[in-house]
1. Which of (1) away from chain C (no Cβ under 14 Å); (2) free of Cβ contacts under 8 Å to residues at least 12 places away in the same chain is the odd one out, the single condition residue B:123 does not satisfy?
2. Given (1) at pLDDT 95 or above; (2) within 16 Å of the chain's Cα centre (by Cα), where does residue C:179 come up short, assuming only one miss?
3. If you scan the stretch D:139-157, which residues turn out to be closer than 20 Å to residue D:39 by Cβ and part of a helix (DSSP H, G or I)?
4. Of these, C:139, C:143, which one is closer than 30 Å to residue A:298 by Cβ, at pLDDT 95 or above, within 14 Å of another protein chain (Cβ to nearest Cβ) and touching a helix residue (DSSP H, G or I) at 6+ places or on another chain (Cβ under 9 Å)?
5. So, restricting to strands (runs of 3 or more DSSP E) that lie completely within the stretch C:193-293, which ones have at least 2 residues that are surrounded by 23 or more Cβ atoms within 10 Å (Cβ to Cβ), touching a residue at least 40 places away in the same chain (Cβ under 8 Å) and within 11 Å of another protein chain (Cβ to nearest Cβ)?
6. What number of residues within the stretch A:46-56 are part of a loop (DSSP other than H, G, I, E, B) and more than 7 Å from every other protein chain (Cβ to nearest Cβ)?
7. Filter the stretch D:77-97 down to the residues that are within 11 Å of chain A (Cβ to nearest Cβ) and closer than 11 Å to residue C:296 by Cβ, then identify the one that is surrounded by the most Cβ atoms within 10 Å (Cβ to Cβ).
């Protein structure tokens, strides 16, 4: 297969796709958990049964404190007290961290209230329910008990025999299914699907492209497939959306289709190189996967450190 | 058994205890992970095998934004953009969170650099290695791949037939072993031990006691037992230390013995009521337990949302 | 005169007062500066001419980092880099500060967008113009060039021969005019009026009363006098409002009458003891006064360090 | 005159200059105020007497929230509560601001503890006195009563008949004195000297040069002149230092000579275009000038909104 820039999708086509994948009302008019409802106890038990070795791999980058093209508003960490001058008895150190998780740098989980489409959030709640005081609906703490399920990594660069995808390269259903076939896996209901594009921000140095100028990711045409397969959470080393999207009037159609229409949470900016290497070494692409957002009531998202267990 | 205030420990007795439980050099002169070294792949595989049902329970309180006697410097969450005025097309919401994890309110994991004793940290590193720029040694990101093991909850109030322990009530080895016996468990090497005191900050309202004025917790005499049993991480609904400590010249001797001497990380301010109820319902007190601190390089600790899986 | 708790004001009486002092439209339908419009170049030149000695006195408390009953969400200052370990050549230190100015502790200037009454701000702008992204109208930066005028201190405790007013003690027009008479001053158009109640937070220690439970301040019946005299900015060592207010359905009627109706900015939590002493020593109660809020675009207020020049 | 890049200064020459301008001990071994001591009451009274018109001009840029090459860690402003959904009675809005003042974007005042040279601060205090908990010496709050004096603007671009100086263009004593002559002013003891280079960050858009790659400013050879003239505070639309400095082993020799050797505070990133225009219109280059840093105890600097009064 070859490099594909995102094929065009008209505004009308997008709206039709949006309507076709909507899960509004599926879990009742008051639901705020969306596709997390697809993860059952049985699914979690099966996921734990995948653990053979006990090897763990995190998919989080360190909280990004260094500014850069894709990190215009860095995380800040500052010290309240250190160990300087301490020589006797008991003393303690403390610090604080300031995190605004959204964007292209922090490894984070988007809440369903993060994105609006035509003035509405997932399950039809009005955008105004995301108030100046915080989210009254669809906040990040709908996931307060944690998100634990089977994780599936679909490694697109490996499929294509390349170290990483190119700027603006769009992943299609054909790619996802070819990866499944090559890897011997099948994405199923309740899975947390991780899609690797090979993004390597830390290696890009001065030449790092602002993602909006060209990030590999999923083409919006994959959204019905995500719906059919019953993906509970979608993650990526990018932000899942291919950029540019090729979608008329919508730079992030995958965000809209997942967060708003399907109620599928998104895991952005994941560190997938170590995970991909661990999978390749073991020739297994599924694992128990634990995503534990901080319990930020009314929050729009949370930095996370998801753990894959083999 | 009856309410016991912390028995007295002299400064010399504490120093002798400290020296007797030290793990400095045990994992090499350059080690910064401490007792996390006791959690092996095999241990993690065994922990996963404990999962039968797939039921998950978080042990995190929501990030505490409301001030109170035990929360003098609350977490702050503030909105960068909400959904007000949004009616067309794509829009997104964002916020930021400011967390200083230490203290009596945030459910957090202490890094080994959080506490110093006589000018040193775990493994003999000088306190000055916790600099004004952050921790050069023993930072929270030594746990960046996550902490996954068997969790064991020892429920002391249930043992004593009471809803919660009293102010300043000290838990001894005798209590821990009686709880083991009653519950049919035995704390082993690599375990994450959670000790319930029954602390219920959210129900204390105006009468909430500042923990320093009286918090139930472990007596320092339990530290050799923690060492012998090979506990990897110690957690509590309080801060593990009983207050007052009864220990001459040291208000938090358990903090010193764990973080500094043994290299045992501490999980403070855990929400253990739901976990205790889940354990009691199932008459099982062990579970897979996943603690995933944010990867805060040079950090002194991290808010966490640990997940128990049954 | 004797201690007076706030006399009762019915909701209807308050609304009538509000309507009677409104400056909406007075400076045009697009005005956002309110009574700052009363400070002319001539007024500023006169204020500078008051300077004889060159003695300066600040009316700001240090940014309050210590928690307390009146400071539930303290200012945070944290170090980014210090001087530990520095011994050669050039090095620098840096820190950050987190300030949420409103409340009872930070010496700050309220923007006109800080308060709403029946869904409106000063000059009839809808409350919704204070959006989740910040203030579209009446933000603090309307004062970006600074507020410089004649400052007048009316010292009510000195008038009453007491060190400070009592909890909930209400100041009336009678008190203000008696203070003018005793001090030999007359509040005029364009003045920045500072009213001293003798509040001494730093001396209150553990007994410090939460201001909502009883703070001395202006009775709402003084508002027409404020309007007539043409006060441009009103300041206080408290928050100007007496608490409790005695006003039906409105805990802070002075806030509403000033910020919303008159477009008079408020200076809260000023440190007035040193200024009062300086005035008393000189037997002069007027001075050049400079208030320079940080230029926080879309902001609701700013910490300030106002300077009186004698 | 023509564009001059910074002439070379050897390390030895710099050290000799440093030693020649030191004010250590001049105001006693315990002094932390440095050249602020040169501003007397009489000086302040003279400054006030300069006010004729009452026209005010701020020299602060809005707090810079937008990231950019010279603003890698922007100020953050976020809303705690807005006016959305408010329609009845009393309600209020609030926000918070996070400011790390140092760098090339925030209009701020450097404290004397901001810079170290060979392990020392102004007046010989050890760099270690700027601890992980904050500055024990030379903090920003030495100026808590405000800094009020005669301001003098030396407009170098106007002198040279150009809109602004070029990248890396160095200002010498010859330039300063020629500006004095052209403008009919003479810098004297206790003055706050503002030097305009014509820096226009807001107009530079995408082409904005990271200042480290070339900022106009003062050549280190001007430092003895600053000492002789008795400048109390030095300010600039840049950061005073020309970059590159041409000084061996020291990128910011003016910072070192002022903050460390002379105890002269620095005002960085000032907005001088409006002030220069106001001066030119009036053909007067002196004015009363008020700089009021927030009272940040132990702080390394403060965002400020200085006001010039004509």
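1. Condition not satisfied by residue B:123: (2).
2. Answer for residue C:179: the failing condition is (2).
3. Kept after step one, since they are closer than 20 Å to residue D:39 by Cβ, are these residues of the stretch D:139-157: D:139-154.
Result: D:140, D:141, D:142, D:143.
4. Details: C:143 fails: closer than 30 Å to residue A:298 by Cβ.
Step by step, each of C:139, C:143 is checked, and only C:139 is closer than 30 Å to residue A:298 by Cβ, at pLDDT 95 or above, within 14 Å of another protein chain (Cβ to nearest Cβ) and touching a helix residue (DSSP H, G or I) at 6+ places or on another chain (Cβ under 9 Å).
5. Details: elements: C:233-236, C:265-268, C:286-291.
Fully inside the stretch C:193-293 and qualifying: C:286-291.
6. Step one: list which residues in the stretch A:46-56 are part of a loop (DSSP other than H, G, I, E, B), which gives A:50-55.
Cutting the leftovers down to more than 7 Å from every other protein chain (Cβ to nearest Cβ) gives us A:50.
Total satisfying the criteria: 1.
7. The extreme case among them is D:95.
For (1) closer than 23 Å to residue D:264 by Cα; (2) surrounded by fewer than 17 Cβ atoms within 10 Å (Cβ to Cβ); (3) within 10 Å of chain C (Cβ to nearest Cβ), each residue gets a yes or a no:
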{"position": "D:21", "(1), (2), (3)": "yes, no, no"}
{"position": "D:39", "(1), (2), (3)": "yes, no, yes"}
{"position": "D:58", "(1), (2), (3)": "yes, no, yes"}
{"position": "D:61", "(1), (2), (3)": "yes, no, yes"}
{"position": "D:73", "(1), (2), (3)": "no, no, yes"}
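The values are calculated or read from the model by the stated rules, or taken from the named source; none is laboratory data. A quick note: this is a predicted structure, and the numbers were derived from the prediction, not measured. Neighbour counts are summed over all protein chains in view; Cβ atoms, including those assigned to glycine, are modelled from backbone coordinates with ideal geometry.
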